[in-house]
Amino acid sequence: MDERDDRSSAPRATIKTIADLTGLSPSTVSLSLRGGERLSEETIRKVAEAAASVGYIPDRAGVRLRTGKTNVISLVLDGNEDSVDFARHLIQGIGHAISATNYNLNVTPAFDRSKSLEIVGNIVGHRAADGIIITHTSKNDPRVEMLLKAGFPFVTHGRTGADSGHAYYDFDSCGFVRLAAERLLSKRRSRLLLIVGDNKTQNYLNMVREFQEVTRQAGIDGRVLEEEHSSLRPLEMRRYGAELAATEGRPDGIICNSEVRAGAIAAGLQSCGLSLGRDVDVIYKQTSDLVPLFLPELDSVVEDVFAAGQELARFLLKRINGFPVSEAQALGDPRPVWRT
């Protein structure tokens, strides 16, 4: 009999096995494996290491029968393509946050946004998860309304018109706009253009309001990209950049909330002979290390999507464990990277 057969015939590791190994009570071990937020990080780490060392595998069917819980959290992932590596960094952050717990992550793509409400409804109706993370929220998001009515634990990446009533983690997009506008003003730019995609999100409304207020206070010309251009594909956005370069009174400062769109419009401007940093400045929201490789002269404001994933998972576990909404709401700080 080989070593693999010896292992397969060994008694199955249980919560008691881990309790005996760590010196903790079975109830503490059980709570830790469920992602118990009230336990110390040291206890959670000790339990996780012991569980890994004995090859502990939870009996999910048994857990569900005893507790009604699935030990699953579900990420309903929007198919928006505005940010480079957004999905990968978000999933990695969530995975890192739940690695020391007994929770598993299910990712459900919602590339057709019109079906996202149905997807969320199916998860709730079948109790297929203990909690849900949703992204790309809109004002008065119907998914949020459904989850609130159902009393189902959830957290959103992005705010809605019902901020006070649910858990969320969001990038401080208003702070991003302020930082970018102040940077452009310091470089004596006076004709600013804000480019924000997906005008159906709450994030779009927040950014536009902040931009309009900042430019009004500064007494300069501020324009928001027309609605018909907000969803242009990258090649179309490049063409738009070329058209913009030839426009009389063109912008001399551009704020863009997407790496993809920023790269595309910068390429269009350059194709018509404009010099980035001299004729026009473009500041974008950075979510990866890709754009600086090709456009090192552009300033950016960093959103840490990996950290967002960690916080979303942490907040969701809090809500699953009964913590109040007020302890599961936060904004991520924008970090400026001025390169020129």
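Rolling a 1.4 Å probe over the heavy atoms of the protein chains gives the chain an accessible area of 48 Å² per residue. In the elastic network of the chain, a GNM with C-alpha springs shorter than 10 Å, the most mobile of V54, V291, V280 is V54.
Within the accessible surface of the chain, defined with a 1.4 Å probe on protein heavy atoms only, the carbon and sulfur portion equals 50 percent.
Short-range pairs are left out: with C-alpha atoms under 8 Å and at least six residues apart, the relative contact order of the stretch 84-186 is 17 percent. When the charge dipole of the stretch 204-324 is built from unit charges on Cβ atoms (+1 for Lys and Arg, -1 for Asp and Glu) and taken about the Cα centre, the candidate among F306, A266, F294 whose Cα reaches farthest toward its positive end is F306.
Compared with the direct C-alpha span, the chain from R278 to E248 gains 9.1 nm at full extension, assuming 0.36 nm per residue.
Spherically averaged projected area of the convex hull of Cα atoms, the chain: 20.8 nm². The sum of -39500 (n - 2.57) across all DSSP H runs of n ≥ 4, divided by the residue count of the chain, sets its helix-only mean residue ellipticity at 222 nm to -13500 deg cm²/dmol. Compared with the direct C-alpha span, the chain from A150 to R127 gains 7.2 nm at full extension, assuming 0.36 nm per residue.
Sorting the segments 83-90, 147-154, 264-271 by their residues' average number of neighbouring beta-carbon atoms within 10 angstrom, most packed first, yields 264-271, 83-90, 147-154. Dividing the mean sequence gap of close Cα pairs (under 8 Å, 6+ apart) by how many residues the chain holds gives a relative contact order of 19 percent. Spatially, the stretch 240-268 and the stretch 125-154 are offset by 37 Å when compared through their Cα centroids. Across the stretch 243-340, the relative contact order, built from alpha-carbon pairs under 8 Å that are at least six residues apart, equals 25 percent. For L117 and K139, the difference between the fully extended length at 0.36 nm per residue and the C-alpha to C-alpha distance is 6.5 nm.
The values are calculated or read from the model by the stated rules, or taken from the named source; none is laboratory data. Everything numeric here is computed off the predicted structure, so don't read it as measured data. So basically every Cβ, Gly included, is an ideal-geometry build from the backbone, and we count neighbours across all protein chains shown. Ligands, DNA and RNA are excluded from the accessible area calculation, which covers all protein heavy atoms including side chains. Shrake-Rupley method; radii C 1.70, N 1.55, O 1.52, S 1.80 Å.
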